[in-house]
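Here's the structure, in structure tokens; my notes come after.
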Amino acid sequence: MASEFILETKGLSKEFRGFMAVRDVDLRVRRGAIHALIGPNGAGKTTVFNLLTKFHTPSAGSIHFNGIDITAEKPAQTARRGIVRSFQISAVFPQLSVLENVKIALQRKAGLDYRFWQPVAALRTLDPAAMALLEQVGLAQAAQLLAGDLPYGRKRTLEIATTLALDPELLLLDEPTQGMGHEDVDRVKDLIKQVSAHRTVLMVEHNMKVVADICDTITVLQRGEILAEGPYAQVSVDPAVREAYMGTEEEEGHV
């Protein structure tokens with residue numbers, strides 16, 4: 001029987017030339033949940049993401065995914081297991097259409113990786129799946145537009161669509177609403193909630209309204225260590241958290 005936790009880290013640490021960016025992080029992400037990793041700048045959030053996706057090698061500790069120790073695996077191995085990070089494929093191809101961007105991401109799942117010199121008809125078989133994804137994220141009407149012509153918020157939505165095309169079991173989203181206006185934030189927030197019905201989401205996010213509205217569990221990092229963890233209602237009233245992080249967010253109007 002599968003564990004209720006899809007991802008677990010034990011004593012996860014990362015040292016850079018004497019500086020401990022992450023120290024003894026025990027993270028447990030519940031299967032099917034939306035889990036947020038928050039904290040002030042320099043708290044170690046991005047380093048944790050880089051450790052989970054193998055862009056950094058841990059100085060100590062372990063990472064388990066679906067009960068399997070994946071600490072020593074390479075990034076490609078981890079991705080093939082179903083851990084996909086939005087950052088890894090976040091740049092759209094601006095001179096290709098929205099539909100073509102999604103089809104490129106779909107090639108791996110279809111067993112067509114890197115076969116760029118094949119007949120166009122072969123790739124047309126991916127059209128129905130690509131359109132279904134665009135329908136899911138609300139971009140079907142923009143399918144034939146150049147990706148480079150999309151507004152910023154819509155480009156970020158396209159990035160989520162291309163990430164979903166890789167059919168992740170665990171989706172890591174790095175600041176999915178960064179730089180967006182209120183309308184786009186609400187649209188992406190609803191999209192994350194929608195796609196989480198079939199997968200687990202771990203996200204780094206600064207917008208506390210987004211975190212409060214959709215996240216089941218919140219882990220707060222400070223100076224590379226876990227400061228607090230729990231649902232928003234519990235974490236948001238923790239005095240240490242408010243001093244370290246949420247007080248700043250309140251001043252900026254995000255809470």
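FYI, it's all coordinate maths here, none of it is from the lab. Computed from a predicted structure; not experimentally measured. FYI the Cβ positions are ideal-geometry reconstructions off the backbone, even for glycines, and counts take in every protein chain you see.
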Practice prompt. Give the order of 54, 193 when sorted by the count of other beta carbons within 10 angstrom, beginning with the fewest.
Written response: 193, 54
Worksheet item: Order of 125, 9 from fewest to most other C-beta atoms within 10 Å?
Response: 125, 9
Response to the item:
Here D for segment 121-168, in µm²/s, from Stokes-Einstein with a Kirkwood Rh over Cα pairs at 20 °C and 1.002 mPa s, works out to 192 µm²/s
Response to the item:
Sorted by chain and then number, the residues having a modelled amide H within less than 5 Å of the amide H of residue 85, at least 5 places away or on another chain, are 172
Response to the item:
In nm², the average projected area of the convex hull spanned by the Cα atoms of segment 16-100 is 7.9 nm²
Discussion item. Whole-Hz ³J(HN,Hα) for each residue in segment 57-67, computed from phi via Karplus 6.51 cos²θ - 1.76 cosθ + 1.60 with θ = phi - 60°, x for glycine and proline: what do you get?
Written reply: 9, x, 6, 7, x, 9, 10, 10, 10, 6, x
Fill in: DSSP bridge pairs, the chain: antiparallel proportion in percent, nearest 5
55 percent
Worksheet item: Which pairs break 25 Å Cα to Cα here: 74/155; 14/74; 45/74; 103/155; 45/209; 14/193?
Response: 74/155; 14/193
Worksheet entry | the chain - percent relative contact order, Cα under 8 Å, separation 6 or more | 27 percent
Worksheet, complete the sentence: Put in order of increasing Cβ neighbours within 10 Å, starting from the fewest, 96, 191 give 96, 191
